[in-house]
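Novice: Once you've had a glance at the structure underneath, I'll fire off some questions.
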Amino acid sequence: MTNKIKIKRRNFLFTATYSVGVIGVGAAVWPLIDQMNPDSSVKALSTTEVDVSGVEPGKTITVLWRGKPIFIKRRTGKEIDEASKVDLNDLKDPQKDSDRTKNPEWLVMVGVCTHLGCVPLSNKGEYKGWFCPCHGSHYDTSGRIRKGPAPKNLEIPKYEFVDNNIIKIG
Amino acid sequence: MSEEKYIPESKLAKWFDSRLPLLTLSHHLKEYPTPKNLNYWWTFGGILTFCLITQIITGLVLAMHYVAHVDHAFESIEHIMRNVNYGWLIRYVHANGASMFFLAVYIHIFRSLFYGSYKEPREVIWIIGLLIYILMMATAFMGYVLPWGQMSFWGATVITNLFSAIPFVGESVTTWLWGGYSVDNPTLNRFYSLHYLLPFLTFGLVILHIWALHVPGNNNPVGIDVKKNSNETMPFHPYMVMKDLVALLVFIIIFLWFVFFAPNALGHPDNYIEANPLVTPTHIVPEWYLLPFYAILRAIPSKLGGVIFMFAAIFILMLLPWLDSSKVRSATFRPIYKKLFWLLVFVVILLGYLGAKPPEGIYLILSRLATAYYFIHFLILLPLLGRYEKTDPLPMSISDPVLDKPGVLDKVKNAAANYEGENVNSFK
């Protein structure tokens, strides 16, 4: 009887020791893992202001934000029409054009293909929006994926119009 | 091992060896019994060791001049090429050395596939070998990023984005890998650190690979077990060492031909353009040795699916000793497997070719067919073959295939008689 109790107590002590050991090792390893996440200086560069007064209708400008290209396109009436008329059932990642813009004239998107991160080419592809040369994804005039291996629409970053000519990204 | 126990001769050697048995180890390596019928396909283990050491030495020297910073990396490579004494030579040896390393490893792997070297009792050698191969690919990929050219940058972008296909945590994993929101300076720095580390891990695995080899001993072209320390084996030194050296010399000639006459033939010219995060090159192609896997990635019309199939193409090889259920090792005695082996070689080369082509039209269709065949070979054909293939009769000993040929035995006897006769004459 006393023998049995002793074994129980020993097992408890072993388990407790292992548990504390595992927590300790975990606490020591976490800083080594987390140091690889974006550091404060990288996070500090999180907003960019862009003056878009010089952009003609139909033109796209590309600016760099957090090391990634951002497409700012001033769309023509025809392009806006095309984008808003698309039947949502035809889309791989259904999203209304009006949900992708704050002002339909200005389309602001992260210019990174959602497949494997290449930069798509403007005014190219079967849907006259963007075409990714790496693995052949086609995006429409709203930056939505229409054909090819990419799973999602081009991402819309957080942005706001500071005034009529200035867009603040981030 | 059934070798006789080694006893050092001198008193000092005995004293030392009983404290650290290095002399016993070197005796074992020298006397290690190798099958006497090993052919030149067996020399690539030694060649690969040479490649690893060459890469480590040239890499060590390059690291003395290279600067791992996005503003200076590209410049520092040009500095190595133009200003550093013999920098051009050392860098070209390192860059082409990577290609030669892979050339040798592919021959080594296909040797194993042909002669069934992965089969019982050598499964652990095979799996460690594959781990070395995976480390080699990771090291080569990160090394290719360091010059910070266009292919470096976009190759790194595409490959790291593979991890974004992981459901739920993909985004955070890629951000963690990058240390930012895109491939940038933190990424370059950590790749440099890991590129320096991984070869030493590889070296450790190579030691385990050889250790695991020395337990059962070498397979051989006939694929039957040999009796150790019989007339079927020869000591590793000098017999296999000399054979390895002959093969190594030929290999070095080819290696240096690339270094001196076509140093950029295996690289991509776009990597001499500095990295630009705003412009993607029209065709992103990895280095030639990764092309078959790249073709598989692009053959699958889904992001996650492509990534899964690409990794599966490598990891499926780990299961090979159990997928191939045939007890006969060497393809010499497996008439159907021999044909399928060459078909697999063809399909892998075809995938490599397709990986370099744009993923459209006929190239895409062929990539899909070749990818399907690759998996069918391992998952369906090999298990079926183990059951239904009628194999040729195996010889009783590794000497039989040579001695059984008509007239050979008489020739040997005559030669022996003549030799004795000469000796007898010279004594007179």
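The values are calculated or read from the model by the stated rules, or taken from the named source; none is laboratory data. Keep in mind that this is a model prediction, so the values were computed, not measured. Because the Cβ atoms are built from the backbone with ideal geometry, glycine has one as well, and the counts that use them run over all protein chains shown. The area values use the complete protein model at the heavy-atom level, side chains included, leaving out ligands, DNA and RNA. Shrake-Rupley method; radii C 1.70, N 1.55, O 1.52, S 1.80 Å.
Novice: To test your reading of the geometry: what angle, between 0 and 90 degrees and rounded to tens, separates the Cα axis of helix B:87-115 from the longest principal axis of chain B?
Specialist: Once rounded, one gets 60 degrees.
Novice: When the accessible area of the protein assembly as shown is computed with all protein chains present and a 1.4 Å probe, what percentage of it is carbon and sulfur?
Specialist: Details: 21070 of 31960 Å².
About 66 percent, which is the carbon plus sulfur part of the accessible surface.
Novice: Normalising by the residue count of chain B, find the relative contact order in percent from Cα pairs under 8 Å and 6+ residues apart.
Specialist: Relative contact order comes out at 21 percent.
Novice: Got the relative contact order for the range B:1-118 handy, in percent, Cα pairs under 8 Å and 6 or more residues apart? Walk me through the numbers on the way to the answer.
Specialist: Values: 62 pairs, mean separation 30.2, N = 118.
Dividing the mean separation by the residue count of the range B:1-118 yields 26 percent.
Novice: Right, next: So how strong a dipole does the range A:19-170 carry about its Cα centre when Lys and Arg Cβ are +1 and Asp and Glu Cβ are -1, to the nearest 20 debye? Could you put the intermediate results ahead of the total?
Specialist: Values: 21 positive and 19 negative charges, 50 e Å.
I would put it at about 240 debye.
Novice: Let me ask something else about it. Starting from the residue with the highest accessible area, list A:Asp140, B:Asp400 in decreasing order, probe 1.4 Å. Walk me through the numbers before you get to the answer.
Specialist: Working: A:Asp140 5, B:Asp400 40 Å².
The ranking, largest first, comes out as B:Asp400, A:Asp140.
Novice: Roughly speaking, what is the centre-to-centre gap between the range B:31-96 and the range A:101-116 when only Cα atoms are used, to the nearest Å?
Specialist: Here the answer is 44 Å between Cα centres.
Novice: Let me know the shape class of the range B:252-296, please: from the alpha-carbon gyration tensor, a ≥ b ≥ c as square roots of the eigenvalues, rounded when a/c is under 1.5, otherwise prolate if a/b is greater than b/c, or oblate.
Specialist: The shape class here is oblate.
Novice: Using a 1.4 Å probe on the protein heavy atoms only, what accessible surface does B:Ser397 show? Give it in Å² to the nearest 10.
Specialist: We get 20 Å² for B:Ser397.
Novice: Distance in nm between label sites at A:Glu160 and B:Lys405, each 7 Å beyond Cα in the beta-carbon direction?
Specialist: Here the answer is 8.7 nm between the modelled labels.
Novice: Continuing with the same structure: Can you sort B:Val105, A:Val25 by 1.4 Å-probe accessible area, starting with the largest? It would help to have the intermediate numbers written out before the result.
Specialist: Numbers: B:Val105 10, A:Val25 90 Å².
Final ranking, largest accessible area leading: A:Val25, B:Val105.
Novice: With a ≥ b ≥ c taken as the square roots of the eigenvalues of the C-alpha gyration tensor of the protein assembly as shown, please select rounded if a/c is under 1.5 and otherwise prolate if a/b is larger than b/c or oblate if it is not?
Specialist: Details: a/c = 2.06, a/b = 1.85, b/c = 1.11.
Prolate, since a/c reaches 1.5 and a/b exceeds b/c.
Novice: Continuing with this model, one more query. For a test of the definition: using alpha carbon positions, the gyration tensor, and the 1.5 limit on a/c, classify the range A:111-156 as rounded, prolate or oblate. Walk me through the numbers before you get to the answer.
Specialist: Numbers: a/c = 1.32, a/b = 1.17, b/c = 1.13.
Rounded, because the longest to shortest axis ratio a/c is under 1.5.
Novice: With everything on Cα atoms, drop me the angle between helix A:2-34 and the longest principal axis of chain A, reported from 0 to 90° to the nearest 10.
Specialist: 30
Novice: Here's a follow-up. Counting only other chains, what is the mean number of Cβ atoms within 10 angstrom of the Cβ of each residue in peptide B:153-163? Walk me through the numbers on the way to the answer.
Specialist: On the way: counts 0, 5, 0, 1, 7, 7, 2, 2, 8, 2, 0.
Across the residues of B:153-163, the mean count of other-chain Cβ atoms within 10 Å is 3.
Novice: Treating only the Cβ atoms of Lys and Arg (+1) and Asp and Glu (-1) as charged, compute the dipole magnitude of the range B:107-236 about its Cα centre; round to the nearest 20 debye. All intermediate terms of the calculation are to be shown ahead of the outcome.
Specialist: On the way: 6 positive and 6 negative charges, 57 e Å.
Taking the Cα centre of the range B:107-236 as origin, the dipole is about 280 debye.
Novice: Next question, about the same structure. What's the center-to-center distance, using Cα atoms, between the range B:251-284 and the range B:140-208 in Å?
Specialist: With the range B:251-284 and the range B:140-208 each reduced to a Cα centre, they are spaced 19 Å.
Novice: I'd like the accessible area for A:Ser41: 1.4 Å probe, protein heavy atoms, all chains in place, Å² to the nearest 10.
Specialist: Surface accessible to solvent at A:Ser41 totals approximately 80 Å².
Novice: Using +1 at the Cβ of each Lys and Arg and -1 at the Cβ of each Asp and Glu in the protein assembly as shown, identify which of B:Phe200, A:Ser41, B:Asn185 lies farthest towards the dipole's positive end.
Specialist: Selected residue: B:Phe200.
Novice: What figure in square angstrom, to the nearest 10, would you give for the accessible area of B:Ile125 with a 1.4 Å probe?
Specialist: Accessible area, nearest 10 Å²: 20 Å².
Novice: Then there's this: Tilt of helix B:22-31 relative to the longest C-alpha principal axis of chain B, in degrees (0 to 90, nearest 10)?
Specialist: That helix lies at roughly 70 degrees to the long axis.
Novice: Would you work out the charge dipole size for the range A:18-87 about its Cα centre, treating the Cβ of every Lys and Arg as +1 and the Cβ of every Asp and Glu as -1, and quote it to the nearest 20 debye?
Specialist: Values: 9 positive and 9 negative charges, 23 e Å.
Dipole of the range A:18-87, to the nearest 20 debye: 120 debye.
Novice: With an 8 Å Cα cut-off and a minimum separation of 6 or more residues, compute the relative contact order for the range B:307-428 in percent.
Specialist: On the way: 62 pairs, mean separation 41.9, N = 122.
Relative contact order here is 34 percent.
Novice: For A:Ser137, list long-range residues whose amide hydrogen, built 1.01 Å from N in the peptide plane, is under 5 Å from its own amide hydrogen.
Specialist: Result for A:Ser137 returns A:Cys132.
Novice: With all protein chains present and a 1.4 Å probe, how do B:Leu177, B:Leu52, B:Leu304, B:Leu319 order by accessible area, largest first? Kindly include the intermediate steps, with their values, before the conclusion.
Specialist: Numbers: B:Leu177 40, B:Leu52 10, B:Leu304 70, B:Leu319 95 Å².
Order by accessible area, largest first: B:Leu319, B:Leu304, B:Leu177, B:Leu52.
Novice: Sorting check: for B:78-87, B:215-224, which peptide has the highest mean count of neighbouring beta carbons within 10 Å, and how do the rest follow? Could the numbers behind the result be given before it?
Specialist: Numbers: B:78-87: 13.6, B:215-224: 19.4.
In descending order of packing, they fall as B:215-224, B:78-87.
Novice: Residues with amide H under 5 Å of B:Met234's amide H, sequence separation 5 or more or different chain, H placed in the peptide plane at 1.01 Å from N; which?
Specialist: Placed amide hydrogens put B:Thr34, B:Lys36 under 5 Å from B:Met234.
Novice: Now a separate question. Using amide H atoms built in the peptide plane, which far-off residues or other-chain residues are under 5 Å from B:Gly149 H to H?
Specialist: For B:Gly149, whose amide H was placed from the backbone, the distant partners under 5 Å are B:Ala275.
Novice: Tabulate in residue order the Karplus-calculated ³J(HN,Hα) for the range B:191-200, using 6.51 cos²θ - 1.76 cosθ + 1.60 with θ = phi - 60°, rounded to whole Hz; enter x for Gly and Pro.
Specialist: Going residue by residue, I get 5, 4, 4, 6, 4, 6, 6, 4, x, 6 Hz, with x marking Gly and Pro.
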